[in-house]
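The values are calculated or read from the model by the stated rules, or taken from the named source; none is laboratory data. All values derive from a computational prediction rather than experimental measurement. When we count neighbours, we look across all protein chains shown, and the Cβ atoms used for this are built from the backbone with ideal geometry, even at glycine. All accessible areas refer to the heavy atoms of the entire protein, side chains included, with ligands and DNA or RNA removed. Shrake-Rupley method; radii C 1.70, N 1.55, O 1.52, S 1.80 Å.
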Amino acid sequence: MASPSLIAIDAMGGDGGPVTMVAGVAIAAARLPGQRFLLFGDEAAIRAELARHPAAAGRIDIVHTDGVVSGEDKPSQAIRRAKSTSIGLAIDAVKTQAAGAVVSAGNTGAMMAMAKLALRTMKGIDRPALAALLPTLGDNDLVMLDLGANTECDAQNLVQFAVMGAAYSRTALGVQTPRVRLLNIGTEELKGTDALKVAAATLREADYLAMRFDGFIEGDRLGRGEVDVVVTDGFSGNIALKAIEGTARFVADLLRRAFTSSVRSKFGFLISKPAMHLLRVHLDPNNHNGAVFLGLNGIVVKSHGGADPQGVANAIGVAAKLVDEDITRRIAQDLEHFHNHAAVAAV
């Protein structure tokens, strides 16, 4: 059986490599008493960083690997070297049930390909999806998927994403009946692709699921707090995510420029500094780090490649929570419920 108290970590991924990953594990260890970690990568480099974090060393084991998947490696190249790389062996630890989850900040495409091959998709799921939490003006973050795993999706894929996203919202955010919407170019029922229209019709009829389907949503309403789960194909989802991240950086840079343009503006900055700090915290992607590959027979969490140690620790926290809440079982139950109802309706 998978050990819920053990999380596999690819220590070589991300922009900072072992320096950032080990520091992130150390922060996570302080936040999660009793949690143990299995780090994969260059043992000498990992031990050198562990020397800076002695308090966490007692809960960390190391598996030396010679290979590393770079950001330029194609998924096919990564798969061929899976048995010798830090990402591949960390994923394999979940496959063999030596660990309850895996966290990596490495190559997203390679990670998805290796995870899909090693763990396989769950029964009732055609394609796994990449889901992440995004900040809103409401009481909770929203779950958005797919964010890049599948550039083209049919109606069945979108319905499956909705079921998985709702289960993730209930598990990660505690939303008992998530409000689910499909990302579209308008909210009218006649707008959008055929896949969106068919998926919407299917979800409207699935009122027995633990979710509330509220139709379509446009991109400019994503952060208003009106929705808990936003479903789209990976092409549109990735563009929307990058646009949100770019807008957040644009606003932050614009405010920084405005507050340093004159002596008066600098004085104004001092007065508004507490509010600016809250804004920075709310928009900081490190505070929402940890995307999840939903639909696999195992928990795989992707940390942003540029995440700092706090961001890495947050991604590890996501993995630990999903293990504790048994997200895979919850999704399986919802899928079975959906397919059973669909089978009865088809008779």
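General observations
- When segment 206-227 is filtered for residues that are in contact with a helix residue (DSSP H, G or I) (Cβ under 8 Å, 6 or more places away or on another chain) and either part of a loop (DSSP other than H, G, I, E, B) or open to solvent by 30 Å² or more (accessible area, probe 1.4 Å) (or both), the ones remaining, listed by number, are Ala206, Tyr208, Leu209, Ala210, Met211, Phe213, Gly219, Leu222, Gly223, Val227.
- Given (1) over 22 Å from the mean Cα position of the chain (by Cα); (2) over 19 Å from Ala307 (Cα atoms), index of the condition His53 fails: (2)
- Within segment 54-68, residues that are modelled with pLDDT of 90 or more have Cβ atoms under 7 Å from residues that are of a type in the set (Phe, Trp, Tyr) in these pairs: Arg59/Phe37; Ile60/Phe37; Val63/Phe40; Thr65/Phe40, counting only partners at least 6 apart in sequence or on another chain.
- Here Ala155 qualifies as at pLDDT 95 or above and surrounded by fewer than 22 Cβ atoms within 10 Å (Cβ to Cβ).
- Taking each residue of segment 319-336 that is open to solvent by less than 40 Å² (accessible area, probe 1.4 Å) and looking for partners that are of a type in the set (Gly, Ala, Ser) with beta-carbon atoms closer than 6 Å, six or more apart or interchain, yields Ala319/Ala101; Val323/Gly100; Val323/Ala101; Ile331/Ala167; Asp334/Ala167; Leu335/Gly124.
- Taking the listed residues Leu133, Leu182, the one that is open to solvent by less than 10 Å² (accessible area, probe 1.4 Å) and touching a helix residue (DSSP H, G or I) at 6+ places or on another chain (Cβ under 7 Å) is Leu182, with no other qualifying.
- When restricted to residues that are at pLDDT 65 or above and on the phi < 0 side of the Ramachandran plot, segment 277-294 contains 10.
- Extreme residue, least open to solvent (accessible area, probe 1.4 Å), among residues of segment 96-116 that are over 19 Å from the mean Cα position of the chain (by Cα) and in contact (Cβ under 8 Å) with a residue 24 or more places away in the chain: Ala98
- The residue list Val198, Val163 contains one member that is assigned to a helix (DSSP H, G or I) and open to solvent by 10 Å² or more (accessible area, probe 1.4 Å), which is Val198.
- When the test is whether a residue is outside any helix (DSSP H, G or I) and of a type in the set (A, V, I, L, M, F, W, C), Phe235 does not pass it.
- For Phe37, the criteria (1) surrounded by 19 or more Cβ atoms within 10 Å (Cβ to Cβ); (2) touching a Ser or Thr at 6+ places or on another chain (Cβ under 9 Å); (3) under 24 Å from Thr328 (Cβ atoms); (4) not hydroxyl-bearing (Ser, Thr, Tyr) hold in every case but one, which is (2).
- Unique match (being out of contact with any Phe, Trp or Tyr (no Cβ under 9 Å at 6 or more places or on another chain), assigned to a loop (DSSP other than H, G, I, E, B) and of a type in the set (Val, Ile, Thr)) among Thr171, Thr177: Thr177
- Boolean, Val230 is within 30 Å of Gln160 (Cβ to Cβ), outside any loop (DSSP other than H, G, I, E, B) and modelled with pLDDT of 75 or more: yes
- Qualifying residue in segment 70-82 (condition: of a type in the set (Asp, Glu), closer than 18 Å to Ala8 by Cβ and either open to solvent by less than 60 Å² (accessible area, probe 1.4 Å) or in contact (Cβ under 8 Å) with a residue 12 or more places away in the chain (or both)): no
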